[in-house]
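Let me begin by presenting the structure, written as structure tokens, before commenting on it.
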Amino acid sequence: MDAKCKPWFNMWPADVPKSIKYPDIPLHGLLQKTAEEHPEKLALVFGEGQITYAQLESLSNQFANALVGLNVKKGDRVALFLPNIPQFVIAYFGALKAGAVVTAISPMHREREVELQLNDSGAQIIVTLDSLFPIVDKVREKTQLKNVVVTGIDEFGSPNTLSFQQLLEGKPDTALKIKINPSEDLAALQYTGGTTGTAKGAMLTHTNLVSNALAFAAWIKGTETQETFLTALPLFHIYGMTTSMTVPISLAAKIVLLPKFDPKKVLEIIQKCKVTVFCGVPTMYSALLANHELGKYDLTSIRVCISGASSLPPQVQKRFMEISGGFLAEGYGLTEASPVTHCTPVDLSMKTVKVGSIGFPLPDTDAKIVDLETGEKTLGQGEVGELAVKGPQVMKGYWQKPDETELVLRDGWLLTGDIARIDADGYFYITDRKKDLIKYKDYSVYPREIEDVLYEHPAVKLCAVVGKPDQVAGEVPKAFIVLKEGMALSAEEILAFVNDKVAPYKAIREVEFRKELPISSAGKVLRRILKEEKP
């Protein structure tokens, strides 16, 4: 598609380049460059603990050498089962420097979910929090794990010395000489339900992640060495990993780590640390505005905030900008694209906000709307179809799932599974979500994963999980179940059976027993019909 066919070019921010020359470096090259140029600048702030860029570079080098000492080789997978603490950042970049591939696991995952990801990724080493260790200990014999590294949450926020630090002791802090091919070698196996629902690892290369970080940094007009990022988004998630870790490192910015989102704590940190950039989700901004102590805090240090994961309510966007004086932009992305593909232009004069829009594609990112039936016909302005994107941030494919990969990658284009349109000014809008995706608050819940757990129960013959509208959460998972003949089961028993095996946000909230479920001619349960039923 040439420039004249791209309507967003007419409205593109004048001070943001349409294309960026990306350095042909591995992802950890961004940290190395920043450490060389700004060694004494603060990199991480966590509680009362502080780590400079020189220290972060040395610590990650030590971790890399420790991994090599544990026989980790290029291409091996290293799992991180950690919240937002310095050890995540150290281990992440240390693993990359050892030539390994990082696979991050949500700290909210339970035994079954941890076991599935470890087995699918083939990880042989995991770094975990001491409070999460019992989960790892219970599943380790069912996986390929050879080594477990345990750390405490305050290890770098207090003088306590735990096993993570012991692992680093005596290790050289010099960089390893492992050759990385940025465009081919993987940096991360980032697990997602993808555009088709089942859990799979998106293969993200070093180039994917470097290009997205630098493009996003340019889009938000990040000022090198002058920004302070509040990292409240979970780092195990690609949204937080890129926008709140890699991007600030590329800018030599200060990163203030927060293990868990707490509205009052966030307000305190913004005022105390003079935060300039904060990436979050709509419920975070809503919670901050709803806090009864909001008026006590000075938020005027904020320059720009980004909202993603779900639609940003107009009143929240307007009110937050009024309170902070900064710009709150809505964006869009997905794990398969490292993740950012679109964002509202950051305009500090606040004259270009289009309510409900995700803005324009990032530099070097192309986008189009294609027909829903074949995904091959490009649609015009105002026409509704599936959003397809193309750019240096698009994944290589799904880990060990070539058939799934072929469904979403076509001639370099990624079919997102989201329904969208473009207006006359070139602004993009997401008009509908993936067909079966359940949005509980700002978490994505995939019905098939819960259904797989339900089918483990010996009394369940047939089941389907759909999202039920909820005023507070947006949607909550509801299960429809057909029992095997002669079997009896209560809703309470089903809830206890499933909810003990999944993360809290995936928990079923309601169960309805049926004699039968709607079935297609191909024998597929029609979730759509169940969801469209009136209560």
Mind counting the residues in the stretch 138-155 that are of a type outside the set (Lys, Arg) and outside any strand (DSSP E or B)? 9
Could you grab me the full set of residues in the stretch 185-226 that are free of Cβ contacts under 8 Å to residues at least 60 places away in the same chain and either outside any helix (DSSP H, G or I) or farther than 30 Å from Lys274 by Cβ (or both)? Gly222, Thr223, Glu224, Gln226
Considering only residues that are hydrophobic (A, V, I, L, M, F, W, C), modelled with pLDDT of 95 or more and touching a Ser or Thr at 6+ places or on another chain (Cβ under 6 Å), look in the stretch 291-327 and name the one that is surrounded by the most Cβ atoms within 10 Å (Cβ to Cβ). Ile302
Any residue in the stretch 383-395 that is more than 19 Å from the chain's Cα centre (by Cα), surrounded by fewer than 22 Cβ atoms within 10 Å (Cβ to Cβ), under 30 Å from His109 (Cα atoms) and among the hydrophobic types (A, V, I, L, M, F, W, C)? no
Pull out all pairs, ordered by first then second residue, where Cβ-Cβ is under 9 Å, the residues are six or more apart or on different chains, the first lies in the stretch 499-512 and is within 15 Å of Ile105 (Cβ to Cβ) and part of a loop (DSSP other than H, G, I, E, B), and the second is modelled with pLDDT under 95 and of a type in the set (Gly, Ala, Ser). Ala503/Ser106
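Listed residues Arg514, Arg527, Arg433, Arg509; which is modelled with pLDDT under 85, farther than 30 Å from Thr344 by Cβ, surrounded by 14 or more Cβ atoms within 10 Å (Cβ to Cβ) and not aliphatic (A, V, I, L, M)?
On inspection, the qualifying residue turns out to be Arg527.
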Looking only at the stretch 82-100, which residues are touching a strand residue (DSSP E or B) at 6+ places or on another chain (Cβ under 8 Å) and either among the polar types (S, T, N, Q) or surrounded by fewer than 24 Cβ atoms within 10 Å (Cβ to Cβ) (or both)? Pro83, Asn84, Gln87
Which residue, of Glu336, Glu373, is under 27 Å from Ala202 (Cβ atoms), without any contact (Cβ under 8 Å) to a residue 40 or more places away in the chain and of a type in the set (Asp, Glu)? Glu373
Any residue that is touching a helix residue (DSSP H, G or I) at 6+ places or on another chain (Cβ under 7 Å) and on the phi < 0 side of the Ramachandran plot - is there at least one of those in the stretch 482-497? no
Just need a number here: residues in the stretch 364-417 that are polar (S, T, N, Q) and more than 22 Å from Thr192 (Cα to Cα). 3
Residue that is modelled with the lowest pLDDT [pool: residues in the stretch 405-426 that are more than 26 Å from Ala213 (Cβ to Cβ) and part of a helix (DSSP H, G or I)]: Leu407
Within the stretch 443-463, can one find any residue that is over 17 Å from Ala503 (Cβ atoms) and within 24 Å of the chain's Cα centre (by Cα)? no
Tell me which helices (runs of 4 or more DSSP H) are completely within the stretch 263-363 and hold 1 or more residues being closer than 24 Å to Gly417 by Cβ, or say none if there are none. 282-290
Test Lys179 against the criterion of being more than 26 Å from the chain's Cα centre (by Cα), in a helix (DSSP H, G or I), exposed (fewer than 14 other Cβ atoms within 10 Å of the Cβ) and modelled with pLDDT of 95 or more, and give yes or no. no
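The values are calculated or read from the model by the stated rules, or taken from the named source; none is laboratory data. Predicted model, so just to flag it, every value in this text is computed and none were measured. FYI the Cβ positions are ideal-geometry reconstructions off the backbone, even for glycines, and counts take in every protein chain you see.
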